[in-house]
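Novice: Provided herewith is a single structure, encoded as structure tokens, for subsequent inquiry.
The values are calculated or read from the model by the stated rules, or taken from the named source; none is laboratory data. Computed from a predicted structure; not experimentally measured. Note: ideal-geometry Cβ built from the backbone for every residue, glycine included; neighbour counts use all protein chains shown.
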Amino acid sequence: MDENKRITTVEEMEEDSRKLHDRACEVCGETWVERAESQKNHCKFGEGGICCRNCSMGPCRISPKAPRGICGADAHAIAARNYLRAISAGTASHSDHAREILHVLHHTKAEGPYIVRDEQKLINLAHEWQIATEGRDIYDIAREVAEVGLMEFGRPFGEMRFPGRAPQERQELWRKEQIWPRAIDREIATAMHMTHMGNSADPEALIRQGLRTSISNGWGGSMLGTEITDILFGTPTVRETEGNLGVLEHDQVNIVVHGHDPVFSEAIVAATELKETLDYCKAKGIKGINVVGLCCTANEVAMRHGVRMAGNFLQQENAILTGACDMMCVDIQCIFPSLPQLAQCFHTKFVTSSPIARIPGADHYEVTPENAFDTAKDLVKLAIDNYSNRDESKVWIPERKQKAIVGYPTEQIIKHLDNITNSHVDTVGSYRPAIDAIKAGVLRGAVAIVGCNNPRIRPDFSHYEIITELFRNDILVVATGCAAQLATKAGLMNKEAKEFCGAGLKRVCELMDIPPILHMGACVDISRMMRLAAGIAEDWGVDMTQIPVVGCAPEWMSEKAVSIANYVVSSGLDVYLGIEPQVNGSDQMMNLITEGTRDIVGAGFIINTDPKVLVKNIIDGIEAKRAALGI
Amino acid sequence: MAMKKLFDRVFDGSDEMFARAEKSIAEVSANYDDSTPVAFPNTAYFLGILYAMTGRKNQTLGELKESLAWARSQMTKEERLDDVFKSGIGTACAAEVIEACKYIGNAAPYAESPPYLGHVTDAEVRELGVPLVTGDIPGFVVLIGAAPTDELAVEIIKSYQNKSIFVFLVGECAKQAEHMGVGMGFPVRVFPVGSELPSVAHVVSVAVRAAMIFGGIQPGDYEGIKKYTFDRVNAAVNAFEPVPDITVACGGGAIAYGFPVITNDEKDMWPVPRSLIIQPDVQQFVETAIEARGMKVKITNVDLPDGVGYATAFEGEVIRRKDMQIEADGSRHDCLELCRAAETNDVEDHKITIVGNDLETYEFGAQMNLALVAEVAGKKMQSDFEPVFERQFHAWINEIEGVMHTGQRDLIRIRVSKDTFDKGFRLRHFGEVLYAKIMSEYDAVVDKCQVTIYTDPEKVHELRVEANAIYDKRDERLKSLTDEGVADFYTCIMCQSFSPSHVCVVTPERLGLCGAVSWLDAKATYQLDNSGPCQVITKGEAADEKIGIWQNVDDAVNKYSMGALEHVTLYSIMQDPMTSCGCFECICGIEPMTGGVVIVNREFVPTTPLGMTFSEMASMTGGGVQTPGYMGHGKHYIASKKFMSADGGPARIVWMPKPLKDLVRDKLNATAKELYGIDDYADMIADETVVESADDLDKLMEFLAEKGHPVLELEPLI
């Protein structure tokens, strides 16, 4: 088969980006490309994690000549402190996002604007938390669930709830190693405290707090974010969509939603479907309104509404450079502060909505649960009004786009696995069919590919190389975030992509009627992957470290990613990184993150910036786990 | 102890099959040289699996050795399913080599080891085409090894048979069935293949030949064959404990083709969803297999006595005189069957009335009068549908276990076996069958149905007169149905589940090439389900009436073949002839010397004067391919005035097998009389009694000249 007919290659994506970049030069804009160039030769101390700015005696930088800071902290202490601070920041980001969502849940009412869409999930969670449901109004329950959920952040005594969802062995290990988190804010605060001048200098102690803080994210903040978002907006289901900049339309009002928290983007989508909005649009003689997404907001609305995905992290400026973006609405996280400036080179209206992400040059409309829908309506009208300001001479929309199937939370995966059971032999509702396929060797294992783009390496290339090589080796891929977006752009996230797979993965795709890469959502939804791995281990009857399932972040860049990588490792799954964490100024820290954590939680990092080597490491790692199981 | 890994079992098993094949080759090589011919009987596809997978036409022992080397090269052993699939298919190929060796120097090796039958002929494979398409055969199952008990073997076989699923038996289970007196053979769809595992190659061969015959998949298109069988051939394997590595290796091949394996062997067995299923309870094999392969079993609940089966599998059953309780023979006594439309108020739903004596009043072996009359009512019912329903009586009644039905109208012959009679079968049950089938198959147009069964001789005689008037009226109506006289033709894409790019265009004067779909059938099918396989083609203006070109017909075939076909002519076999699925009843091909065509039907095994058998001619077309000069068609199309009318019409027919000629004789004579003013035209057409082979072409010319055959006056076809 001619691969190029079906797949958009990284080279083709780069060709489009180049053309758009040339246009940026024409309008005197700049993009990350120039900025990355001008930031070249990054500070070696920063890169190695051995620059300490935690007090005003410094900054102190560790070198052979100056092996300790003024206070006496060595490279290991400094690198470990910086690393723990990154974990804390990442944990704070996901968790604060979850906190906002819990507040929205608390705000739900039968008459809206925000309502409970997945009542069953709410009731299940209430039961899990021993909250009475019998005879109670659903919104009464919702409020109590929100209150109990919010207590996970700052409970003064006791410990967090969701880690109790892990398999028994994992729970015991977390207790034994004393890394079962107490409360989200508590762990973040403890981490900040430990890293304050004059506190912990023992890298292992700092790493342990890193693990505990990260668990409060993966089995706390992120898991709450996922769970409550499902309750509010519905648990995602399988749906078709499209991806890449070709989803922007010439003859429609293009509104790009960007960020991570779907509370505002859900309101935007709802506003575009209102009759009064459509009438307003029609009255202006415009064909329609086209909402598309960027980054994880795209993932959120794609898997709940089929909203099309314009692209991932390093594509955010490109969306504006098409000249066809009439409005960009952002919420939180991963938003370039460069965007308002670039928007000014075009007619694009750039709108911020959260007090968490305030950017100079943006039109700020602060969105609260009370005003979200009214604000969204007003903004959509503004976008419609702005359509006529589009300068056709500046418009160039790349044609490339690909079809994709998205929306495989664990519930959908189980449902698809149920479809391949035989009612005369099997029971339904478990991961057994997948386990059987792995045990027999039909599937070699599964890899969760997650994470961002990073200009340190060729963007999207590592994702592409690793995903396609895993396909060829009968390894099922689950993906979230920008990795999922790459798969969408490339055309790997559709059922036809089975043709690029080995016979085993191809057959599984055919029998289950799934693509070889399952879209599980936004980066906050890596918590879904934890539940998937936990469920597989439980149904298998082994610990999570034993199953041939691993994580991989080929192009990660954010502090959230550092937190994620740590909670995945804490959950017993090895994590393969395509970007080196900034600790290599300390050999002890390099050893701790790759080997030392294995003694604590049974897993660690494997790091290689060459995707071809990294994917080979993944395959070898999976085969080693198989061999240990005798399969 | 750790379980032996599934992939290792496949790899070891494939080594074992290869070693056995090498041994077979060594044994035959002791007596035969490399130029010795190698062939399975009555197939145009050489050694089917090897031909399908490699495109190699193995015709000599030397080539067979090369093929075995190829099979060996496929047995790769990386720990990936791809290697398991390749090794599994390599194992099937090695098994076919072993089987081929048996046929070296022995045309019928299986004749020596009853009940086993070995190779399945092309004609048999093609015969399965229509029932597979219609779902009358929901699929195939291969039983391998010995069932835990003889009784269980029979229970499983009967259970499949009752669901009309074709059963192949490999190994001891066939002996078990034989001990228990189970009737076996191709017609009853229980086919004992061979005593040893390699004979399973004959079953795989059926599946891959289906891909070439019906799917038009090119020999050697390895991936295409696998895709076709995976997507379209509903087969499954039931392997009884113990299942050794060599069987597991064959299972790897079966799964590669898309056929799940169900076994009760739990030792070192690794379940794989919908592919390798461990079912410890063999009594649940049947249901497990049906679900695993997603076979759609048609269920008609017919009220029949306990122990009397009802399934298409019984259609091929023959009741011999010695086993016959009673017979109604329309050629000797007044008998008939009739379906007619009635007013709703005149029909009492599900009323079954017997007029005359029931079966128990007759002596063993007696003759009787019998009239089966079904009256149907419904708002959408049309009198045009009467013969459509009535023609199904044959199949419906035949599907009763222990009942045989042949003929139609007042020339039916029905036999009821003693066994079935003893189980309590009575006349009422004919009514139950007709009622149940009419109501289930034609529920879109029939609201109510009642059946009256007459055995009273006087009453039947009166009815016969009345019925004949109806038959005559229908014939008149049929005669008036000409391609010119109607506004619509119909498409039929019923076969597309099997032959994805084929489209039949059904006209009043050209029935579907399977012989099963007339214009009236197509019309009824459309009425029953207007988004179904038969769609209206509004004829419109002809672009060329003589050759039979209509823009709307081209548009329709283009649309329904998904663009695979652009042009089809209705009346020429030379220019854009209509395509074939593969289940055509007959094929015609041009005979260059006489300028005529030779027609051969599927049942005729020997070589035709074209130097090819039916199978070989059939392999020239089929699978939606257009091959000018060759065309598949229905038997009754031969006597149509439109039969290749653009190329000279039925006057082109120079040869056909005698039984076929006799079947169409009267109508063909009438057509020739009308078209050319020739009497007894059928006698001018040669058959196998005159010309046996391509070597006798001079004899054919002599015969045609002697008879004054009209073809000699026509322009050459090429």
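Novice: On the basis of being over 35 Å from the mean Cα position of the chain (by Cα) and touching a residue at least 40 places away in the same chain (Cβ under 8 Å), does B:Leu712 make the cut?
Specialist: Spelling it out, B:Leu712 is indeed over 35 Å from the mean Cα position of the chain (by Cα) and touching a residue at least 40 places away in the same chain (Cβ under 8 Å).
Novice: Now a separate question. For a quick check of your reading: which helices (runs of 4 or more DSSP H) sit entirely within region A:545-631 and have at least 3 residues that are more than 14 Å from chain B (Cβ to nearest Cβ) and surrounded by fewer than 23 Cβ atoms within 10 Å (Cβ to Cβ)?
Specialist: Helices (runs of 4 or more DSSP H) meeting the threshold: A:587-591, A:597-601, A:611-629.
Novice: Exactly one condition in (1) surrounded by 24 or more Cβ atoms within 10 Å (Cβ to Cβ); (2) over 15 Å from A:Ser95 (Cα atoms) is not met by A:Thr213; state its number.
Specialist: Just one mismatch for A:Thr213, condition (2).
Novice: Now for a different question. Could you tell me which residue of region A:17-62 is nearest to A:Gly585 (Cα to Cα), considering only residues that are in contact with a strand residue (DSSP E or B) (Cβ under 8 Å, 6 or more places away or on another chain) and of a type outside the set (A, V, I, L, M, F, W, C)?
Specialist: A:Arg61
Novice: Give region A:267-283 a look and list any residue that's surrounded by 17 or more Cβ atoms within 10 Å (Cβ to Cβ) and in contact (Cβ under 8 Å) with a residue 60 or more places away in the chain, or say none.
Specialist: A:Ala267, A:Ile268, A:Ala270, A:Ala271, A:Thr272, A:Thr277, A:Tyr280, A:Cys281
Novice: Do the conditions hold for B:Ile352, that is, is it in contact with a strand residue (DSSP E or B) (Cβ under 8 Å, 6 or more places away or on another chain), surrounded by fewer than 21 Cβ atoms within 10 Å (Cβ to Cβ) and modelled with pLDDT of 95 or more?
Specialist: Judged against the criteria, B:Ile352 is a match.
Listed here are the residues, each with its yes/no results for (1) buried (at least 24 other Cβ atoms within 10 Å of the Cβ); (2) of a type in the set (Gly, Ala, Ser); (3) within 18 Å of the chain's Cα centre (by Cα); (4) not in a loop (DSSP other than H, G, I, E, B).
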residue	(1), (2), (3), (4)
A:Met303	yes, no, yes, yes
A:Gln316	yes, no, yes, yes
A:Met328	yes, no, no, yes
A:Phe336	no, no, yes, no
A:His347	no, no, no, no
A:Ser354	no, yes, no, no
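Novice: Here's a check for you: in region B:266-285, which residue that is more than 7 Å from chain A (Cβ to nearest Cβ), in a loop (DSSP other than H, G, I, E, B) and in contact with a helix residue (DSSP H, G or I) (Cβ under 9 Å, 6 or more places away or on another chain) is nearest to B:Lys163 (Cα to Cα)?
Specialist: B:Asp281
Novice: Still on this model: Hey, among A:Ser462, A:Ser393, which residue is more than 30 Å from A:Asn608 (Cα to Cα) and either out of contact with any strand residue (DSSP E or B) (no Cβ under 9 Å at 6 or more places or on another chain) or within 12 Å of chain B (Cβ to nearest Cβ) (or both)?
Specialist: Answer to the check: A:Ser393.
Novice: Give region B:672-711 a look and list any residue that's at pLDDT 90 or above and among the aliphatic types (A, V, I, L, M), or say none.
Specialist: Hits for region B:672-711 are B:Ala672, B:Leu675, B:Ile678, B:Ala682, B:Met684, B:Ile685, B:Ala686, B:Leu700, B:Met701, B:Leu704, B:Ala705, B:Val711.
Novice: Within region A:426-450, count every residue that is assigned to a loop (DSSP other than H, G, I, E, B), buried (at least 20 other Cβ atoms within 10 Å of the Cβ), among the β-branched types (Val, Ile, Thr) and within 13 Å of chain B (Cβ to nearest Cβ).
Specialist: 1
Novice: Hey, any hits in region A:525-540 for a residue that's away from chain B (no Cβ under 14 Å), surrounded by fewer than 24 Cβ atoms within 10 Å (Cβ to Cβ) and not in a helix (DSSP H, G or I)?
Specialist: So far as region A:525-540 goes, no, none of its residues is away from chain B (no Cβ under 14 Å), surrounded by fewer than 24 Cβ atoms within 10 Å (Cβ to Cβ) and not in a helix (DSSP H, G or I).
Novice: Oh, and also: Yes or no: region B:93-105 includes at least one residue that is within 14 Å of B:Arg20 (Cα to Cα) and of a type in the set (Lys, Arg).
Specialist: Taking every residue of region B:93-105 in turn, at least one turns out to be within 14 Å of B:Arg20 (Cα to Cα) and of a type in the set (Lys, Arg).
Novice: Among the residues of region A:399-425, write down those that are more than 25 Å from A:Met530 (Cβ to Cβ) and either buried (at least 20 other Cβ atoms within 10 Å of the Cβ) or in contact with a Phe, Trp or Tyr (Cβ under 7 Å, 6 or more places away or on another chain) (or both).
Specialist: Residues satisfying the conditions are A:Lys401, A:Gln402, A:Asn422.
Novice: Just to check your reading of the model, which residue among A:Phe157, A:Phe153 is buried (at least 18 other Cβ atoms within 10 Å of the Cβ) and either modelled with pLDDT under 95 or closer than 22 Å to A:Ile179 by Cα (or both)?
Specialist: None of the others qualify; the one that does is A:Phe153.
Novice: Also, quick follow-up: What residue, of A:Ala66, A:Ala77, A:Ala110, A:Ala89, is touching an Asp or Glu at 6+ places or on another chain (Cβ under 9 Å), assigned to a loop (DSSP other than H, G, I, E, B) and among the hydrophobic types (A, V, I, L, M, F, W, C)?
Specialist: That would be A:Ala110, the only listed residue that is touching an Asp or Glu at 6+ places or on another chain (Cβ under 9 Å), assigned to a loop (DSSP other than H, G, I, E, B) and among the hydrophobic types (A, V, I, L, M, F, W, C).
Novice: Six or more apart or on different chains, Cβ under 8 Å: which pairs go from a residue in region A:587-612 that's on the phi > 0 side of the Ramachandran plot to one that's polar (S, T, N, Q) and buried (at least 18 other Cβ atoms within 10 Å of the Cβ)? Could you list them?
Specialist: What qualifies is A:Gly602/A:Thr545.
Novice: Then there is this: Residues being farther than 22 Å from B:Thr569 by Cβ and part of a loop (DSSP other than H, G, I, E, B): count how many of those fall in region B:633-673.
Specialist: Final tally of qualifying residues: 2.
Novice: While we're here: Taking region B:1-59 as the search range and keeping residues that are aromatic (Phe, Trp, Tyr) and touching a residue at least 60 places away in the same chain (Cβ under 8 Å), which one is nearest to the other protein chains (Cβ to nearest Cβ)?
Specialist: This residue is B:Phe7.
Novice: On the given criteria, is A:Asp137 among the acidic types (Asp, Glu) and farther than 23 Å from A:Ala522 by Cα?
Specialist: yes
Novice: Next question, about the same structure. Would you check which residues across region B:286-335 are more than 14 Å from every other protein chain (Cβ to nearest Cβ), part of a helix (DSSP H, G or I), out of contact with any Lys or Arg (no Cβ under 8 Å at 6 or more places or on another chain) and acidic (Asp, Glu) and list them?
Specialist: Once the filter is applied, which keeps residues that are more than 14 Å from every other protein chain (Cβ to nearest Cβ), part of a helix (DSSP H, G or I), out of contact with any Lys or Arg (no Cβ under 8 Å at 6 or more places or on another chain) and acidic (Asp, Glu), region B:286-335 yields only B:Glu315.
Novice: Please identify the pairs in which a residue from region A:500-524 that is more than 14 Å from chain B (Cβ to nearest Cβ) has its Cβ atom under 6 Å from the Cβ atom of a residue that is of a type in the set (Asp, Glu), counting only partners at least 6 apart or on another chain.
Specialist: A:Ala522/A:Glu300
Novice: Oh, and also: What single numbered condition from (1) of a type outside the set (Ser, Thr, Tyr); (2) surrounded by fewer than 21 Cβ atoms within 10 Å (Cβ to Cβ); (3) more than 14 Å from chain A (Cβ to nearest Cβ); (4) over 15 Å from B:Leu143 (Cα atoms) fails to hold for B:Ala207?
Specialist: Every condition holds for B:Ala207 apart from (2).
Novice: So, one more: Identify all residues within region A:146-182 that are charged (D, E, K, R) and either under 23 Å from the mean Cα position of the chain (by Cα) or at positive phi (or both); write none if there are none.
Specialist: Matches in region A:146-182: A:Glu152, A:Arg161, A:Arg165.
Novice: I need every pair where a residue in region B:117-145 that is not assigned by TED's automatic domain parsing to the domain that holds B:Asp265 and of a type in the set (A, V, I, L, M, F, W, C) has its Cβ under 8 Å from the Cβ of a residue that is assigned to a strand (DSSP E or B) and at pLDDT 95 or above, sequence separation at least 6 or different chains.
Specialist: none
Novice: Now a separate question. Is there a residue in region B:241-248 that is hydrophobic (A, V, I, L, M, F, W, C) and either farther than 24 Å from B:Gly90 by Cα or within 8 Å of another protein chain (Cβ to nearest Cβ) (or both)?
Specialist: No, every residue in region B:241-248 fails to be hydrophobic (A, V, I, L, M, F, W, C) and either farther than 24 Å from B:Gly90 by Cα or within 8 Å of another protein chain (Cβ to nearest Cβ) (or both).
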